[in-house]
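The values are calculated or read from the model by the stated rules, or taken from the named source; none is laboratory data. The model shown is predicted, which means the values in this text are computed figures rather than measured ones. Here the Cβ positions follow ideal geometry from the backbone for every residue, glycine too, while neighbour counts run over all protein chains shown. What goes into the accessible areas is simple: the full protein's heavy atoms, side chains included, and nothing from ligands, DNA or RNA. Shrake-Rupley method; radii C 1.70, N 1.55, O 1.52, S 1.80 Å.
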Amino acid sequence: MELCDHSAAELGRKLRSKEISAKEIAGSVLKRIEEKDKQYNAFITLTDELALKQAEEVDKKISQNENLSPLAGIPVAIKDNICTKGIATTCGSKILEGYIPPYSSTAVQNLIDDGALIIGKTNLDQFGMGSSTENSHFGPTKNPHNPEYVPGGSSGGSATAVALGESVLAIGTDTGGSVRMPAAFCGVVGMKPTYGRISRYGVVAYASSLDQVGGFGRNVGDTALVLDSICSYDKNDSTSANLPKPNFYPSLKPDLKNLKIGLPKEYFVEGIDTRIKEKILAAVKLLEENGAEVHEVFLPHTKYAISTYYLIATAEASSNLARFDGVRFGYRAKEDVTDLTTMYEKTRSEGFGKEVIRRIMLGSYVLSAGYYDAYYLKAQKVRALIQHDLESAFEKVDCIITPVTPTLPFKIGEKNEDPLQMYLEDIFTVSLNLAGLPGISLNCGYVNEFPVGFQIIGKAFDETTILNTAYAYEQLHSNNK
Amino acid sequence: MDYDVIIGFEIHAELKTATKLFCDCEVTYGAPQNTHICPLCTGQPGSLPVLNKKAVEFCVRAGLAMNCSINKYSLFARKNYFYPDLPKGYQISQYELPLCENGYIIINGDDGEAYPVGIKRIHLEEDAGKLVHSSQSISSSEYSLADYNRSGIPLIEIVTDHTTNPMRSVKEARNYLEKIRQILRYIEVSDCTIEKGQFRCDVNISLKKKGSPSYGNRAEIKNMTSFKFISEALEYEIKRQSKLLKEGKKIEQETRLYNEEKKITLPMRSKEDAPDYRYFPDPDLIELELEKEFINEIRKTNPVLPDELLNLITEKYKVSQEDAYLLTRNKAVANFFTECAPHSDDNKKLARWIINNLLKHLEENSLTIESVKIKPKDFASLINLIVKGEVTDRVGKTVLEEMIASGKSPEVIIDAKGLKPIEDTKELNKFVDDAFSAHPEVVEQIQSGETKAINVLIGQVMRSSKGKANANKLRELILERIEKE
Ligand SMILES: [Zn+2]
């Protein structure tokens, strides 16, 4: 076991007791990247020099017995749609070719301020649009358990990096499941807190009302650690929740007493791989046997979630992505450009990937005069119903358990020609984004070499309950193994 | 004329807040290009807008001054279109639920009556950047340069309601524009300098047969750069549209541009080509909720309006309507008057002196009333001296110039320059003696009953005393002497 395979909590202890140095941690992670990343392609940009410099600073502070935050000296990988000052931020797209942000996102700044080592920028479906990390200008990322398979997406690079030990922690973004879904496919923990918990300032917008940053770790504790750093109120984001900084990690306790778990019948119907269903029901049973109560809950509007999501997300995306026009930054088409309009058209046709163009067109249509009421407005109404479903369910239970994905990881290229099939991968995750609720995805076993994840959904701003439930499950599960 | 004219406006006024609408960049004019920009106002990926509360306050102030109802809840929306001066590819504006709705302002109608022009809405939005083309237009230019200093400066858009007392003539249109500008300047939310692009208008005009209930199609004329051009464009449109109607032709609903050289309007785009802005609520901004106290506070502290000041000046200070109108055109001038008035013995004369002498002097020397050092109390003293005859009009003007230049009181200037009126009877009589011996024929005229001729003698003494003789005393002395002779 190398240093890069240890948990963040463990590495923190070893650092503080001066058993190891931050530089050694950085070295271990960079060595793993050197060994693995040619094959798995989790990173778009490596920031090894920065990480080593940050490690030196941490080591200096340790030698001077200075107080350190729990993340000091811990490697963190950043999804490449989160702005990093002075470091290329590509969103996995050609259209941002050569773009170096003049500022850092609040989430990344929090990590830097806490002494985390920024290892690099990870691969993603362009602008977060996809569920497989295949829609990247920089090539697909491979599943850490079988490189012929997808790691899920869109934060597939971050999930893969953590799974392979190419980083210890990572952050990603979750608009419809983009943190939770690759976490399930890669067998790591991924969590999206409540909308508003983490500032979106500096996160390249895909769908502003749904986008939320999330964290990855190889266990629940590590995930809580990274969230403690990136969750903060930010006056630069008008949708940021004005709440004190959380203490998720220090307050973790494996407590299942009186816990009421909801099981929505609508999530275990046709379309879900029975092997996944079995694993999840086994996980629920394990929790029940250890003190939790299980209740059936009803989420009757679940079947509309995917269509609602794709109407709202694409509408917002069509507007958010208008700024990529070749005028001020990024890629600009040069050949056969005769006037301003052809410059726009060629830049955008050549710069954006196929899926991005599809969503921009869909979203433009949804917002068009004459269609707005039928699509966008109606979707907003259904969104309110979905939100209401969840609120009603939470009157009876403390958390809800569902699958993360209906299928096991699929082969690279397998679903490329069928976008609708790909969209259905998000069927269990999008409702949370529509309702703004927190959700955690963690492993509950394997089918062949592929991990199976399940999702615990919590009430708004009650991340503690789902973290504690996940933490309790994790301990029971490892004891059971 | 056989047609009724209906004119409406969309006015954009730049707010003079310290910072931009959604970022902390300074609001400036004429600064070196791209020196007041940040990730947000250049549309960098990941940047987010944060609403400037002061701009909301300014918009509400305008709404209250224009008798609008202020919406407790309002929304910001994205107006999507591509242009290189618009860095985000959309403008943050308001669509449904603007800050202010359903108001009116009173203008002088053509019939001489007060005419309340309906205001449909006033909303808040951000300005775009500024393009400098290497040639005439973006399409004919080899290159265009973009300056984003202006990008994100707050604007209010004031839209008239064409169903509630629209303007009926070019003159009313002009009155409307001047009134809007006057109000915005009075409430200190915009400087409204047209040359600086702080006040921009789109005007729409339609004609209908006299008495007909149905409106004709509207032509909108965009980007008018002066009040004069607006009047000219409207005159032209009235001619063009009435000619078409007389010929039995249809008027197209379209957007037109005014050609300032040829003094004609030309089609820009038809209704079918009108862009679809795909408005939707901006998910980066939460619904704006205004507390009652916030609105009440603005109501309480909203500066005095031009009509209120005009009423005060005519009613309390008994100045004529015409003079009061001239005084209130500029708030600083009106304020100067009201500060002088309590110290003045003759407010009508005070008003006349401000209009005829002070403002004329300022205008001739391109000065503003704010920039001169003259104190209201001193100005009133000068008027009082003139009223008492202790200073002649002529000396008064000299003293005023000196007051403007130095800020000294009239008494100090009169003393220092030896302009003190000659009050001494002995001294005055010397001048009178000279006048009588120089003009025996005038003396005879007076004696024979032509009392008006006395002014010739007074004028003579004024000339020889360099205007310093106390006019009232002088008249007495001359009359005394005539009786004796
Ligand atoms: Zn700015």
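Please work out whether the stretch A:3-254 counts as rounded, prolate or oblate from its C-alpha gyration tensor, where a ≥ b ≥ c are the square roots of the eigenvalues and a/c under 1.5 means rounded, while otherwise a/b larger than b/c means prolate and anything else oblate?
Rounded, since a/c falls under 1.5.
Quick one: dipole size for chain A, taken about the Cα centre, charges +1 on Lys/Arg Cβ and -1 on Asp/Glu Cβ, in debye to the nearest 20.
With Lys and Arg at +1 and Asp and Glu at -1, about 380 debye.
Taking DSSP loops as anything outside H, G, I, E and B, show the longest stretch in chain B free of trypsin sites (Lys or Arg not before Pro) there with at most 10 other beta carbons within 10 Å.
My reading of the result: B:263-485 is the longest stretch.
Could you list log10 I(q)/I(0) for the stretch A:373-464 at q = 0.15, 0.19 Å⁻¹, which the Debye formula gives when each Cα is one point scatterer?
At q = 0.15, 0.19 Å⁻¹ the computed log10 ratios are -0.72, -0.99.
Write down the percent of antiparallel bridges among all DSSP beta bridges whose residues are both part of chain A, to the nearest 5.
Of the beta bridges lying entirely in chain A, close to 65 percent run antiparallel.
Please express the shape of the stretch B:425-484 as an equivalent ellipsoid: the semi-axes are the square roots of 5 times the eigenvalues of the C-alpha gyration tensor, given largest first in whole angstrom.
In descending order the semi-axes read 17, 11, 10 Å.
Out of the stretch A:182-273, which trypsin sites (Lys or Arg not before Pro) are coil in DSSP terms and have no more than 11 other C-beta atoms within 10 Å?
When the trypsin sites (Lys or Arg not before Pro) of the stretch A:182-273 are filtered for loop state and at most 11 Cβ neighbours within 10 Å, A:Lys235, A:Lys257 remain.
Among B:Pro410, B:Ile355, B:Leu310, whose Cα lies farthest out toward the positive end of the dipole of the stretch B:304-417, if unit charges sit on the beta carbon of Lys, Arg (+1) and Asp, Glu (-1)?
B:Pro410
In percent, what relative contact order does chain A have, based on Cα pairs under 8 Å that are 6 or more apart in sequence?
About 17 percent, as a whole number.
Distance between the C-alpha centers of the stretch A:282-298 and the stretch B:34-91? Whole Å please.
50 Å
Across the Cα atoms of the stretch B:3-298, what radius of gyration and what greatest pairwise Cα-Cα distance (Dmax) are found, in Å?
19.5, 58
Got a sec to turn the phi values of the stretch B:168-175 into Karplus ³J(HN,Hα) couplings, 6.51 cos²θ - 1.76 cosθ + 1.60 with θ = phi - 60°, whole Hz, x for Gly and Pro?
Karplus values, whole Hz, x for Gly and Pro: 10, 7, 4, 5, 5, 4, 5, 4.
What value in Å³ per residue do you get for the convex hull of the alpha-carbon atoms in the stretch B:291-441?
158 Å³
How much accessible area is lost when chains A and B come together, counting both sides, with a 1.4 Å probe, in Å² rounded to the nearest 100?
2700 Å²
Mind checking the alpha-carbon convex hull of the stretch A:181-244 and giving the volume per residue in Å³?
It comes to 87 Å³ per residue, whole-number rounded.
By how many degrees, between 0 and 90 and to the nearest 10, does the Cα long axis of helix B:331-340 differ from the longest principal axis of chain B?
30 degrees
For peptide A:317-326, compute the average count of partner chain beta-carbon atoms within 10 Å of each residue's beta-carbon.
Mean inter-chain Cβ contacts per residue within 10 Å come to 6.
At q = 0.11, 0.23, 0.26, 0.28 Å⁻¹, what log₁₀ I(q)/I(0) does the stretch B:321-392 have when each alpha carbon counts as one equal point scatterer in the Debye sum?
Results for the stretch B:321-392 at q = 0.11, 0.23, 0.26, 0.28 Å⁻¹ read -0.24, -1.06, -1.30, -1.44.
Accessible area per residue of chain B at 1.4 Å probe, in Å²?
Accessible area per residue: 49 Å².
Could you look at chain B and say what percent of its accessible area is carbon and sulfur, using a 1.4 Å probe and all protein chains?
Using a 1.4 Å probe with all protein chains present, chain B comes out at 48 percent carbon and sulfur.
Taking the Cα centre as origin and putting +1 on Lys and Arg beta-carbons and -1 on Asp and Glu beta-carbons, what dipole magnitude results for the stretch B:425-484, to the nearest 20 debye?
Magnitude of the dipole: close to 340 debye.
Using each residue's phi in the stretch A:253-262, evaluate 6.51 cos²θ - 1.76 cosθ + 1.60 at θ = phi - 60° and report the 3J(HN,Hα) Karplus result to the nearest Hz, with x for Gly and Pro.
Those phi angles translate into 8, x, 9, 10, 5, 6, 6, 9, 9, x Hz.
Give me Rg/Rg_expected for the stretch B:155-246, where Rg uses Cα atoms only and Rg_expected = 2.2 N^0.38 Å with N residues.
For the stretch B:155-246, the normalised Cα radius of gyration comes out at 1.17.
Would you grab the residues whose amide H sits under 5 Å from the one on B:Met167? Only those 5+ places off in sequence or on another chain, please, with H modelled 1.01 Å from N.
Amide H neighbours of B:Met167, under 5 Å, 5+ apart: B:Ile7.
Using +1 at the C-beta of Lys and Arg and -1 at the C-beta of Asp and Glu, which of A:Gly217, A:Phe352, A:Thr89 has the Cα lying farthest in the positive direction of the dipole of the protein assembly as shown?
Ranked along the dipole, the leading option is A:Phe352.
Which is farthest toward the positive dipole end of chain B among B:Asn175, B:Cys192, B:Ser140, measuring Cα position about the Cα centre, with Cβ charges +1 (Lys, Arg) and -1 (Asp, Glu)?
B:Ser140
Please sort by residue number the chymotrypsin sites (Phe, Trp or Tyr not before Pro) in the stretch A:371-469 whose DSSP state is loop and whose Cβ has at most 16 other Cβ atoms within 10 Å.
Within the stretch A:371-469, the qualifying chymotrypsin sites (Phe, Trp or Tyr not before Pro) (loop, at most 16 other Cβ atoms within 10 Å) are A:Tyr371.
Kindly give the semi-axes, whole Å and largest first, of the ellipsoid equivalent to chain A, taking each as the square root of 5 times a Cα gyration tensor eigenvalue.
Semi-axis lengths for chain A are 31, 30, 20 Å.
Can you compute the helix-only [θ] at 222 nm over the protein assembly as shown? Use -39500 (n - 2.57) per DSSP H run of at least 4 residues, normalise by all residues, nearest 500 deg cm²/dmol.
Mean residue ellipticity at 222 nm (helix-derived): -11500 deg cm²/dmol.
Could you work out, residue by residue across B:83-96, how many beta carbons of other chains sit within 10 Å of that residue's beta carbon, and then give the average as an integer?
That works out to 3 on average.
Placing unit charges on C-beta atoms (Lys and Arg positive, Asp and Glu negative, everything else neutral), compute the dipole magnitude of the stretch B:111-227 about its Cα centre in debye, rounded to 20.
Its charge dipole is roughly 560 debye.
Which value results for Rg/Rh of the stretch A:182-301 when Rg is the Cα radius of gyration and Rh the Kirkwood radius based on the inverse mean 1/r?
Checking Rg against Rh, the ratio lands at 1.01.
On a 0 to 90 degree scale, rounded to 10, what angle separates helix B:227-246 from the longest Cα axis of chain B?
Orientation of helix B:227-246: about 60 degrees from the principal axis.
Using 22 Å as the Cα-Cα cut-off, could you pick out the over-long pairs in A:Lys36/A:Lys142; A:Lys18/A:Lys60; B:Lys179/B:Lys209?
B:Lys179/B:Lys209
Relative contact order for chain B: what is it in percent, counting Cα pairs under 8 Å that are at least 6 residues apart?
13 percent
Of all accessible surface on chain A at a 1.4 Å probe, what whole percent is carbon and sulfur?
Answer for chain A: carbon and sulfur cover 50 percent of the accessible area.
What are the extents of the Cα atoms of the stretch B:13-95 along their three principal axes, in Å, largest first?
Here the Cα extents, ordered largest to smallest, are 38, 27, 20 Å.
Which of A:Lys38/A:Lys303; A:Lys192/A:Lys260; A:Lys381/B:Lys16; B:Lys300/B:Lys408; B:Lys88/B:Lys171 have a Cα-Cα distance over 31 Å?
Over 31 Å apart, Cα to Cα: A:Lys38/A:Lys303; A:Lys381/B:Lys16; B:Lys300/B:Lys408; B:Lys88/B:Lys171.
From the phi angles alone, apply the Karplus equation (6.51, -1.76, 1.60; θ = phi - 60°) to the stretch A:171-183 and give each ³J(HN,Hα) in whole Hz, x where the residue is Gly or Pro.
10, x, 10, 9, 9, x, x, 5, 9, 5, 5, x, 4
Residues of B:274-280, mean number of Cβ from any other protein chain within 10 Å of their own Cβ, rounded to a whole number?
What the average comes to for B:274-280 is 6.
Any idea what angle helix B:393-406 forms with the longest principal axis of chain B, computed on alpha-carbon atoms, 0 to 90 degrees, nearest 10?
So the inclination is approximately 50 degrees.
Report the label-to-label distance for A:Glu270 and B:Gln253 in nanometres (one decimal), using points 7 Å from each Cα along the Cα→Cβ vector.
4.8 nm
With no solvent and one equal point scatterer placed on each C-alpha of the protein assembly as shown, evaluate the Debye formula and give log10 I(q)/I(0) for q = 0.04, 0.06, 0.08, 0.10 Å⁻¹, two decimals.
-0.30, -0.58, -0.86, -1.13
Chymotrypsin sites (Phe, Trp or Tyr not before Pro) within the stretch B:175-284: which are DSSP loop residues with at most 15 other Cβ atoms inside 10 Å?
For chymotrypsin sites (Phe, Trp or Tyr not before Pro) across the stretch B:175-284 that sit outside H, G, I, E and B with at most 15 neighbouring Cβ atoms in 10 Å, the list reads B:Tyr215.
Pull up all non-local amide H partners of A:Thr122: gap of 5 or more, or a different chain, and H-to-H distance under 5 Å with H placed in the peptide plane.
A:Ile44, A:Ile78, A:Lys79, A:Asp80
Ratio of alpha-carbon Rg to the 2.2 N^0.38 Å globular estimate for the stretch B:105-260, to two decimals, please.
1.18
Taking amide H positions as placed 1.01 Å from N in the peptide plane, with prolines and chain starts having none, which residues 5 or more places from B:Ile119, or on another chain, fall under 5 Å of its amide H?
B:Gly103, B:Tyr104, B:Ile105, B:Asp161
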